[in-house]
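The values are calculated or read from the model by the stated rules, or taken from the named source; none is laboratory data. These numbers come from a predicted model, not from an experiment. Please note: Cβ atoms are built from the backbone with ideal geometry, for glycine as well, and neighbour counts cover all protein chains shown.
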Amino acid sequence: MLANQQLIVKLLSDKKATAIDLYDFIDGHFIHDHMIIASANNPRLLHALSDYLMEALEGAHLPIHHIEGTSDSGWILIDTPDVLVHLFLEETRAFYQLDVLWADKKVERYAD
């Protein structure tokens, strides 16, 4: 059985998300154990990734606490108990630079 963060990475990868980064916050002072940042190259794919991920998490009986944003805004946040997921359009991700903000954290890249 996959850990929640690995399941989310696999689901996003299966649906063609790019630049999937898994950040480890277990030893830090962050409310979540992990954070995932992934990109989509167009709003339609961003919306599809969000829908697919939410349906798959519900099917796996993993609770979703909160969802914020829309594909039109270029940024969708999905809050689960131990993993915070940021889905971005590529240009929105480049603008907000969360990768730079968390550069000091352990990160694993899963897709280019």
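Here are some notes:
- Flag for Ala56 being modelled with pLDDT of 95 or more and aliphatic (A, V, I, L, M): yes
- The one condition in (1) touching a Phe, Trp or Tyr at 6+ places or on another chain (Cβ under 8 Å); (2) closer than 19 Å to Ile64 by Cα; (3) among the small types (Gly, Ala, Ser) that Ser50 fails to fulfil: (1)
- Those residues of region 5-30 which are more than 12 Å from the chain's Cα centre (by Cα) and either among the small types (Gly, Ala, Ser) or more than 20 Å from Phe88 (Cβ to Cβ) (or both), in sequence order: Ile26, Asp27, Gly28, His29
- Residue within region 18-29 that is out of contact with any strand residue (DSSP E or B) (no Cβ under 6 Å at 6 or more places or on another chain), of a type in the set (A, V, I, L, M, F, W, C), surrounded by 14 or more Cβ atoms within 10 Å (Cβ to Cβ) and part of a loop (DSSP other than H, G, I, E, B) present: yes
- Restricted to region 88-106, and to residues there that are within 14 Å of the chain's Cα centre (by Cα) and within 11 Å of Ala19 (Cβ to Cβ), the residue that is surrounded by the most Cβ atoms within 10 Å (Cβ to Cβ) is Phe88.
- Matching residues, region 53-78, being in a loop (DSSP other than H, G, I, E, B) and either basic (Lys, Arg) or surrounded by fewer than 17 Cβ atoms within 10 Å (Cβ to Cβ) (or both): Ala60, His61, Leu62, Pro63, Ile64, His65, Thr70, Asp72, Ser73
- For Val83, the conditions (1) β-branched (Val, Ile, Thr); (2) loosely packed, with under 14 Cβ neighbours inside 10 Å; (3) within 16 Å of Leu11 (Cβ to Cβ) all hold with the exception of (2).
- Count of region 81-95 residues which are free of Cβ contacts under 8 Å to residues at least 40 places away in the same chain and either more than 20 Å from Ser50 (Cβ to Cβ) or touching a Gly at 6+ places or on another chain (Cβ under 9 Å) (or both): 3
- Of residues in region 30-46 being outside any strand (DSSP E or B) and at pLDDT 95 or above, the one surrounded by the most Cβ atoms within 10 Å (Cβ to Cβ): Leu46
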